[in-house]
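These notes concern the structure reproduced below.
The values are calculated or read from the model by the stated rules, or taken from the named source; none is laboratory data. What you see is a predicted model, and the numbers here were worked out from it, not measured in a lab. Ideal geometry is used to build each Cβ from the backbone, glycine not excepted, and the neighbour counts take in all protein chains shown.
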Amino acid sequence: MTFQRRIIAAIASVVVISVLAVCALAEYNARSAVVQSADHSLVTAAHVNGSEPFGEESPITGVFFQLVMADGTSIPTKGLPVDAVMRAHASSRMPELIRTIHFRAQTFRQLLISLPVNTRIECPNELRVICVTEMPSVQVFSLNISGQQEQITDLNRNLIVVFVVMLAVGLALAVGAARTAVRPLVRVTADIESIDRRKNFSLRLEEGGLDEIGRLRRTFNSLLSTVEESQVLQQQLVMDASHELRTPLTSLRMNAELLQRSDLDSEEVHQITDDVVSQVDELTSLTRDLVELARGEHSQGDIEQLRLDEIVAECALTANTHARVRNISLTTDLHPLALDGRQDRWERAISNLINNAIKFTPAGGQVRISTDSSRLIVEDSGSGVIPAEREFVFERFWRSPSSRSQPGSGLGLAIVAQVVAEHDCTIAVSASHDFGGAAFIVTLPDAVGVHHPV
């Protein structure tokens, strides 16, 4: 079922329920009014005819009075037939009863009042005399309400006509309201389908007003901006990756061609094979980094309670071998630092930060990794990052002009930034106060906005 048909069905249902409720209420009120009026007349007649001693007669128009004995006889004998209910009330003292009966296609409302033996009462006969009941009996007051019932029947017919008319009007209003409500949505859908056909994510919808449709348009425009940005980043990643892969692939090809020559001595072959192994390692590292970046900021994996200080200790222990080879002092100052996250991602990010610090620290320099209750800090005694370049260091494939001769693809810090963003943390780079080089500071979400001196 389409959205428009659902709206029509909803409005039509409301109209049907409302009209049915109004008709039912009108019929109930009319029937209740008839019954209450008849009951009032019966009770009034009983009060007039049953008072003792009797005064002047105050007859109630339309009320017919019978006196029914326990043996089933009635005075007057002509009138409504005596039934089991009347005899039961005549035989024993029972509470007053008001009921509706049907006799010869007519409807009557009756009031039954039990009378004990020796009750003085005005007998309903031609003489209208005071008599004393010789046996238990029941007073029966009857009122013909056939005319009122016919009026209620006519009212029901009119209500059916009203229901049909209101249903038709309601359906017409529902169709009109649905078309009016859906028309802006249809236009939005058409605009979105047009963008989809063109595959041009730079197009935007007209934002419209402040209503729900305008909100939908603005939300979709925001989504289009995200998709366009993602597409641009994807294209840029492919272009940058192609550029980075071109150099090692070209070198591999050249070395392979050299190995095809038969006039190489063993030393030259050994040198070429060393170059091939180094270039394969570079390609492997680049491929691993590209795969890591392709995982996005919402990678798969179990989230668990982590101790970053313990992960830092393990990563520092692994990196210490490389630091000793370059005569770099690698120290740690670790305090408990916990958060919820994915361990493999944090291991990669912390290793990248430490290896980056070792890479840009000259021989004999220092690298220190420290943690406190809200931050992870990696400092080195290298040349640091000049302020003009700090906003670029976390971009993919970006390398400072002064460090382009260094090995690497420029993806390490991009992966760090991705992991940090995935866990709602922040990362910043500044100058190390103690060592004079760079200081990379990762701040946990709860501490964002709190200033800590480095």
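Scanning the stretch 375-410 for residues being touching a strand residue (DSSP E or B) at 6+ places or on another chain (Cβ under 8 Å), at pLDDT below 85 and either part of a strand (DSSP E or B) or farther than 20 Å from Ser430 by Cβ (or both) gives a total of 0.
Looking across the stretch 1-41 at every residue that is within 30 Å of Arg187 (Cα to Cα) and among the small types (Gly, Ala, Ser), the one that is nearest to the chain's Cα centre (by Cα) is identified as Ala10.
Please find, within the stretch 294-309, the residue that is farthest from the chain's Cα centre (by Cα) out of those that are surrounded by 15 or more Cβ atoms within 10 Å (Cβ to Cβ) and modelled with pLDDT of 65 or more.
To start, the set of residues in the stretch 294-309 that are surrounded by 15 or more Cβ atoms within 10 Å (Cβ to Cβ) comprises 295, 306-309.
Pick out the ones that are also modelled with pLDDT of 65 or more and you get 306-309.
Numbers: Leu306: 31, Arg307: 35, Leu308: 35, Asp309: 39 Å.
Among residues in the stretch 294-309 that are surrounded by 15 or more Cβ atoms within 10 Å (Cβ to Cβ) and modelled with pLDDT of 65 or more, the one farthest from the chain's Cα centre (by Cα) is Asp309.
Of all residues in the stretch 45-71, exactly one satisfies the criterion of being acidic (Asp, Glu) and at pLDDT 55 or above, namely Asp71. The combined condition, being assigned to a helix (DSSP H, G or I), modelled with pLDDT under 75 and of a type in the set (Asp, Glu), is fulfilled by Glu244. In the stretch 25-46, the qualifying residues are those that are among the polar types (S, T, N, Q) and farther than 17 Å from Val140 by Cα, and the one that is surrounded by the most Cβ atoms within 10 Å (Cβ to Cβ) is Ser37. Within the stretch 326-334, one or more residues are modelled with pLDDT of 85 or more, under 46 Å from the mean Cα position of the chain (by Cα) and aliphatic (A, V, I, L, M).
Within the stretch 207-222, residues that are among the charged types (D, E, K, R) sit with their Cβ atoms under 9 Å from residues that are outside any helix (DSSP H, G or I) and modelled with pLDDT of 70 or more, at 6+ positions apart or across chains, in these pairs: Arg217/Arg204; Arg217/Leu205; Arg217/Glu206; Arg217/Glu207; Arg218/Leu205; Arg218/Glu207.
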